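The values are calculated or read from the model by the stated rules, or taken from the named source; none is laboratory data. Because the structure is predicted, anything quoted here is derived from the model rather than measured. So basically every Cβ, Gly included, is an ideal-geometry build from the backbone, and we count neighbours across all protein chains shown. Note: accessible area is taken over every heavy atom of the protein model, side chains too, but ligands, DNA and RNA are not part of it. Shrake-Rupley method; radii C 1.70, N 1.55, O 1.52, S 1.80 Å.
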Amino acid sequence: MPTGIIINTSSILLGGLLGGLIGNKLSEGFKTDITLIFGVCSMGMGIYSIGPMKYMPAVIFALVIGTGIGLIIHLGEYINKGAKLMQQPISKLFPNENLKISDEEFINSLVTIIVLFCASGTGIYGSLDAGMTGDNTVLISKSILDFFTAVIFACNLGYVVSIIAIPQFIFFYILFLLAKFIYPLTTPDMILDFKACGGFLMLATGFRMIKVKMFPTADMIPAMIIIMPLSWIWINWILPIL
């Protein structure tokens with residue numbers, strides 16, 4: 001039973017609905033300032049995940065190569081298009097929803113939280129851990145931050161934030177089912193490098209949230225796929241000849 005995934009998905013669904021409901025009642029200053037705090041939290045979680053990193057060269061290679069792949073295949077553009085498609089049915093369900101932000105800011109913010117909710121190292125690792133060991137602690141802890149993040153972002157973006165729960169559940173549940181096949185192939189060092197790679201994505205996401213630098217976080221997602229193979233190659237092929 002994917003209890004942790006259900007809790008995490010529900011936190012985003014409820015947070016998005018609540019934020020869309022109370023968005024007009026909160027001042028712009030409050031929403032701006034609290035978003036800065038969530039950005040700091042995301043960066044803090046990223047730094048925490050990066051700290052135990054075992055093999056830095058493997059993680060750096062994964063980030064550079066993975067981001068390069070994302071840029072070449074225009075992954076970020078496809079996610080942007082998906083974000084726009086997500087907004088269309090919401091506009092029909094809530095025709096009176098008036099968003100006080102530009103289309104560009106809307107898409108940038110939506111992509112940021114899609115990556116934060118669906119592609120963070122914490123969420124991916126938590127899904128694998130839950131599928132292999134039944135321990136849902138990581139996902140439940142992530143749910144607390146996700147709930148409040150969804151509330152605040154929904155204040156600006158509207159009810160579309162709650163819809164992110166659907167792709168998140170599908171992605172995490174697939175990982176949950178695959179965990180029994182993936183996890184035995186990993187080592188503790190590979191897991192640490194995997195979490196560190198996700199930490200870099202969360203750090204970049206934090207910078208996006210506070211609007212310091214709009215890192216191509218969507219294009220960085222392939223790094224999460226190739227990090228563990230690269231970590232294995234570094235351990236078994238590169239280190240013995242150094």
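Taking the listed residues I69, I65, I47, the one that is within 19 Å of T122 (Cβ to Cβ), open to solvent by 50 Å² or more (accessible area, probe 1.4 Å) and not basic (K, R) is I47, with no other qualifying.
Here S91 clears all of (1) at pLDDT below 80; (2) part of a helix (DSSP H, G or I); (3) open to solvent by 70 Å² or more (accessible area, probe 1.4 Å) except the condition numbered (3).
Residue-wise test of (1) farther than 27 Å from F106 by Cα; (2) at pLDDT 95 or above.
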site: S27; (1), (2): no, no
site: F38; (1), (2): no, no
site: M45; (1), (2): no, no
site: S49; (1), (2): yes, no
site: P57; (1), (2): yes, yes
site: T67; (1), (2): no, yes
site: I79; (1), (2): no, no
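For region 207-226, the set of residues classified as β-branched (V, I, T) and either farther than 26 Å from I7 by Cβ or part of a helix (DSSP H, G or I) (or both) consists of I210, V212, I225, I226, listed by residue number. Close contacts from region 199-222, counting a first residue that is surrounded by fewer than 22 Cβ atoms within 10 Å (Cβ to Cβ) and a second that is part of a helix (DSSP H, G or I) and among the aromatic types (F, W, Y), with Cβ to Cβ under 6 Å and a gap of 6+ residues or different chains, come to K213/F207; F215/F207.
Selection of first residues in region 108-134 that are outside any helix (DSSP H, G or I) and of second residues that are at pLDDT 80 or above, restricted to Cβ pairs under 7 Å at least 6 apart or on distinct chains, gives the following pairs, ordered by first then second residue: A119/L201; A119/I221; A119/M224; S120/G198; S120/L201; S120/M202.
Inside region 94-124, residues that are at pLDDT below 75 and closer than 19 Å to L13 by Cβ make up a count of 5. The set of residues in region 223-239 being open to solvent by 90 Å² or more (accessible area, probe 1.4 Å) and farther than 30 Å from A154 by Cα consists of W232, W237.
Among the residues of region 1-25, those identified as modelled with pLDDT of 90 or more and open to solvent by less than 40 Å² (accessible area, probe 1.4 Å) are P2, G4, I5, N8, T9, S11, I12, G15, G16, G19.
Counting the residues of region 111-142 that are buried (at least 23 other Cβ atoms within 10 Å of the Cβ) and over 11 Å from the mean Cα position of the chain (by Cα) gives 5.
State whether one or more residues within region 150-157 are aromatic (F, W, Y), open to solvent by less than 60 Å² (accessible area, probe 1.4 Å) and either within 17 Å of I65 (Cα to Cα) or at pLDDT below 90 (or both). Yes, there is a match, as at least one residue in region 150-157 is aromatic (F, W, Y), open to solvent by less than 60 Å² (accessible area, probe 1.4 Å) and either within 17 Å of I65 (Cα to Cα) or at pLDDT below 90 (or both).
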